[in-house]
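Here, each number is a calculation from the coordinates, and none is a lab measurement. Every value quoted in this text rests on a predicted model; they were computed, and no experiment measured them. Cβ coordinates were reconstructed from backbone atoms using ideal geometry, including for glycine residues, and neighbour counts include every protein chain displayed.
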Amino acid sequence: MSEVMNQPLVNKFQIQTSDGIRTIDIYTEEGFRILSNFWTRSGWQRNLSYEVTWLGIPIIQLPEDILMMQELIYKVRPNIIVEAGTAHGGSAVFYASMLELLGRGQVISIDIEIRKYNRLAIQSHPMSKRITLIEGSSTDDGVLTQVRQLICPQDTVLVALDSNHTYIHVCEEMEKYSLLVSPGSYIVVFDGVLEMLSDAPAFKLGWASGTPAAALRDFLTMHKEFEVDTYYNRLGVTYCPDGFLKRKED
């Protein structure tokens, strides 16, 4: 330990750009932004989000995004959180646990396939009392009808989209589920990070044709009632860059 402490501290690094090699100070805003980008990309390649659980259930989210969602839920205090993309159920349990602390609300979690053991894990969890599972495509009109039937006019609704990350699917999700978002509440679009991963070994060529980030940008050009809230990206490391969209107050 003493040998490590005696080593000179390094506060600069070099990057190769189209204009040549640049030296960056890690303590500058630019240094923080670049290092956050590097860490996010490298961590994605190593599937770090698959290492995280919430109350015993795999959540498949970054700790930074989990913390930001916690802040958002506490701020908005929704009655209903609609989640597209159940997966193992960790995020549904996380949202339900936040609602439990607030003493209110229900999570509506949708997935095209809720596997047997994932369903059992969710339904046997103490937070299951605040979770309603719907199996089917999030963009199916029948599924959307089921969701609407679980929402009352006076409810405050927050939406999290984390299912199929193709451009067309996310576009359709945003068009349909943005209508459920209450004024002052949010629709959160996950995995816009795919746009910055074209050089990653695990990157799939199909993603290059369209990502959630591209769908998000196109949505904003047509829906001026929503705006990006960059406050929830302030930690730098995130899988949903510019993905926190606030519906403006009426």
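List of remarks:
- With R₀ fixed at 25 Å, the C-beta to C-beta distance from residue 218 to residue 37 puts the FRET efficiency at about 0.60.
- Of every Cα-Cα pair in segment 175-250, the percent that sits beyond 15 Å: 57 percent
- The length gained by stretching the chain between residue 50 and residue 149 to full extension, at 0.36 nm per residue less their Cα-Cα distance, is 32.4 nm.
- Distant alpha-carbon pairs in segment 88-187 (separation over 20 angstrom), percent: 38 percent
- Nearest-0.05 FRET efficiency for residue 77 and residue 228, computed from C-beta distance (R0 30 Å): 0.90
- Estimated dipole of the chain in Debye, rounded to 20 [Cβ of Lys and Arg +1, of Asp and Glu -1, Cα centre]: 500 debye
- Counting only DSSP beta bridges whose two residues both lie in segment 53-247, roughly 30 percent are antiparallel.
- Stretching the chain fully between residue 199 and residue 172 yields a gain of 7.0 nm (0.36 nm per residue, less the alpha carbon separation).
- The value for the chain of Rg(Cα) / (2.2 N^0.38 Å) is 1.09.
- A simple packing score, the average count of other Cβ atoms within 10 Å per residue, orders the peptides 80-90, 103-113, 227-237 as 80-90, 103-113, 227-237, with the highest score first.
- Span from the segment 25-68 Cα centroid across to the segment 81-156 one, whole angstrom: 25 Å
- Here's the picture: a label point sits 7 Å out from the Cα of residue 115 along the beta-carbon direction, and within segment 78-99 the residues with their amide nitrogen under 16 Å of it are 85-91.
- Quarter of Cα convex hull surface for segment 1-127, i.e. mean projection, nm²: 12.5 nm²
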